[in-house]
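Participant: This is the structure, below, for whatever I ask next.
Just so you know, all these numbers are worked out from the coordinates, no wet-lab data involved. All values reported here derive from a predicted model rather than from experimental measurement. Glycine also receives a Cβ, built like all others from the backbone with ideal geometry; neighbour counts cover every protein chain displayed.
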Amino acid sequence: MLKIEIDEHSGFCFGVTTAIKKAEEELNKGEALYCLGDIVHNSIECDRLEKLGLITINHEEFAKLHNAKVLLRAHGEPPATYETAKRNNLEIIDATCPVVLKLQQRINKKWQETNNEDSQIVIYGQAGHAEVLGLVGQTHGEAIVVEKKPHIENIAKDKNTYIYSQTTKSLEGYKLIVNEITAHINEGKRCESFNTVCGQVANRLNGIGEFAKSHELIFFVCGKKSSNGRILFDECKKMNPRSYQIEGPEDIDLKLTLDVESIGICGATSTPKWLMENCKQTIINYNNK
Ligand code: SF4
């Protein structure tokens with residue numbers, strides 16, 4: 001008898017849940033609502049909200065927009081976005097996750113406090129990622145973004161250094177990069193690091209590994225752009241080589257489900273529960289034919 005389990009810890013984190021709830025509340029009022037960037041790194045959930053009336057725009061379109069209502073997603077935005085909104089008479093529905101907001105404020109405070117010393121702020125994160133752009137914006141674009149070891153060469157050796165992390169990076173990766181940066185900075189210079197990886201991501205890592213190990217076959221449901229999705233999927237793959245990343249039910253190689261007795265379905269902080277349920281149902285339907 002085939003057993004299919006959905007990981008109870010997978011699915012939207014509270015930041016994404018709140019952003020989507022805010023969007024739905026606004027859309028229920030029947031007024032036009034724009035969203036700056038994809039509300040969540042999941043094209044299927046974005047399509048669902050677009051059908052309800054949400055209009056996704058990019059920063060170029062945002063700059064040309066006037067007299068409208070715009071939702072800012074959980075990733076947050078740099079100060080320049082708020083300035084544009086003010087200039088263009090845009091009403092902002094701010095769904096920046098409180099965890100990201102707090103991090104933006106911490107970085108901004110540190111940048112202001114250390115402005116007159118010979119210092120630099122480093123952010124461990126993915127260059128160009130929306131959250132990282134919002135964080136770098138707190139330092140007037142001065143923060144140095146590093147993701148991999150070779151990027152450390154961009155960090156000056158002879159400056160006091162303050163290191164933060166994008167909220168959705170892996171804790172393990174953060175610790176490794178902090179060690180490398182600390183070794184890179186000259187003795188006598190300060191090198192302080194602040195672990196700002198979000199608990200919603202860090203705590204899921206162990207749990208998802210155990211979940212992956214406990215099933216013969218794993219389908220990890222996640223959009224291609226999700227940063228924490230990549231980390232969580234890598235953990236699944238490490239613990240269970242028969243792990244497959246899919247965006248939705250249409251990506252499932254159903255033939256794989258024929259020779260197993262236990263299948264696990266899990267996902268990232270941007271994966272809706274209903275999508276994992278749809279995947280489960282698709283497998284059930286196929287196996288009951
Ligand atoms: S992963 Fe954490 S910081 Fe990012 S949106 Fe979710 S709750 Fe907020």
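Participant: With point charges of +1 on the Cβ of Lys and Arg and -1 on the Cβ of Asp and Glu, referenced to the Cα centre of the range 171-289, which listed residue (Tyr174, Asn278, Ile265) lies farthest in the positive direction of the dipole?
Facilitator: Result: Tyr174.
Participant: Over the range 14-96, calculate the relative contact order: mean separation of alpha carbon pairs under 8 Å at least 6 apart, over the residue count, as a percent.
Facilitator: 34 percent
Participant: Once the Cα atoms of helix 171-184 and of the chain are each reduced to a long axis, what angle between those two axes, in degrees from 0 to 90 to the nearest 10, is obtained?
Facilitator: Here the helix axis deviates by roughly 30 degrees.
Participant: Can you compute the helix-only [θ] at 222 nm over the chain? Use -39500 (n - 2.57) per DSSP H run of at least 4 residues, normalise by all residues, nearest 500 deg cm²/dmol.
Facilitator: -13000 deg cm²/dmol
Participant: If you don't mind, another one. Would you mind checking which residues have amide H under 5 Å from His75's amide H? H placed 1.01 Å from N; only 5 or more apart, or other chain.
Facilitator: For His75, the qualifying residues are Cys97.
Participant: In addition: Going out from 0 in 10 Å bins, what whole percent of all Cα-Cα distances in the range 55-107 drops into each bin?
Facilitator: P(r) over the range 55-107, rounded to whole percents: 24, 55, 20, 1.
Participant: Give me Rg over Rh for the range 14-96, both radii from the alpha carbons and Rh done the Kirkwood way, two decimal places.
Facilitator: 0.93
Participant: With springs only between Cα atoms under 10 Å apart, run a GNM on the chain and tell me which of Lys29, Lys102, Lys69 wobbles the most.
Facilitator: It is Lys29.
Participant: Apply the Karplus parameterisation 6.51 cos²θ - 1.76 cosθ + 1.60, with θ equal to phi minus 60°, to every residue of the range 19-31 and state each ³J(HN,Hα) to the nearest whole Hz, in sequence, with x for glycine and proline.
Facilitator: Calculated HN-Hα couplings, in order: 4, 5, 4, 4, 4, 5, 4, 5, 5, 5, 6, x, 9 Hz.
Participant: Here's something else I'd like to know. Which of the listed residues, Ala95, Ile144, Leu72, is farthest toward the dipole's positive end in the chain, when Lys, Arg count +1 and Asp, Glu count -1 at the beta-carbon?
Facilitator: Selected residue: Ile144.
Participant: Can I ask one more? Which value, in debye to the nearest 20, gives the size of the charge dipole of the chain about its Cα centre, when Lys and Arg are +1 and Asp and Glu are -1 at the Cβ?
Facilitator: Here the size comes out at about 240 debye.
Participant: Cα centroids of the range 19-91 and the range 211-234: how far apart, whole angstrom?
Facilitator: So the separation of the two Cα centres works out to 28 Å.
Participant: Per residue, what volume in Å³ does the Cα convex hull of the chain take up?
Facilitator: Cα-based convex hull of the chain, divided per residue, equals 131 Å³.
Participant: Same structure, new question: Amide H to amide H, which residues 5 or more places from Ile185 or on other chains are under 5 Å from it, using H placed in the peptide plane?
Facilitator: Here the answer is none, since no amide H 5 or more places off falls under 5 Å of that of Ile185.
Participant: Given the pairs Lys189/Lys238; Lys102/Lys189; Lys109/Lys224; Lys238/Lys280; Lys86/Lys224, which span a C-alpha to C-alpha distance of over 30 angstrom in this model?
Facilitator: The pairs that break the limit, which is 30 Å between Cα atoms, are Lys189/Lys238; Lys109/Lys224; Lys86/Lys224.
Participant: In whole Hz, with x marking every Gly and Pro, tabulate ³J(HN,Hα) for the range 274-280 from phi via Karplus 6.51 cos²θ - 1.76 cosθ + 1.60, θ = phi - 60°.
Facilitator: 4, 6, 5, 4, 4, 5, 4
Participant: Simple spin-label model, 7 Å along Cα-to-Cβ: Lys51 to Glu216 in nm?
Facilitator: Result for the modelled spin labels: 3.4 nm.
Participant: Tell me the label-point distance for the pair Lys21, Gln126, using the 7 Å Cα-to-Cβ offset, in nm and rounded to one decimal.
Facilitator: So the two model labels end up 2.6 nm from each other.
Participant: Something else about it: With a cut-off of 8 Å between alpha carbons and a minimum separation of six or more residues, what is the relative contact order of the range 64-119 in percent?
Facilitator: Relative contact order of the range 64-119: 39 percent.
Participant: Could I ask something else about it? When the chain is modelled as a GNM with alpha-carbon springs shorter than 10 Å, which of Gly209, Gly188, Gly264 fluctuates the most?
Facilitator: Gly188
Participant: I've got another one for you. In whole Hz, with x marking every Gly and Pro, tabulate ³J(HN,Hα) for the range 216-227 from phi via Karplus 6.51 cos²θ - 1.76 cosθ + 1.60, θ = phi - 60°.
Facilitator: So the J values, rounded to whole Hz, are 6, 9, 10, 10, 9, 9, 5, x, 5, 8, 6, 6.
Participant: Enumerate the amide H contacts of Gln120 below 5 Å, restricted to partners 5 or more residues apart or on another chain; note that Pro and chain-start residues carry no placed amide H.
Facilitator: Asn160, Thr161, Tyr162
Participant: I need to check one value: relative contact order of the range 155-204, counting alpha carbon pairs closer than 8 Å and at least 6 residues apart, in percent.
Facilitator: Averaging sequence separation for qualifying contacts and normalising by length gives 56 percent for the range 155-204.
Participant: Please report, in whole Å³, the volume per residue of the convex hull around the C-alpha atoms of the range 99-193.
Facilitator: Looking at the range 99-193, the number lands at 84 Å³ per residue.
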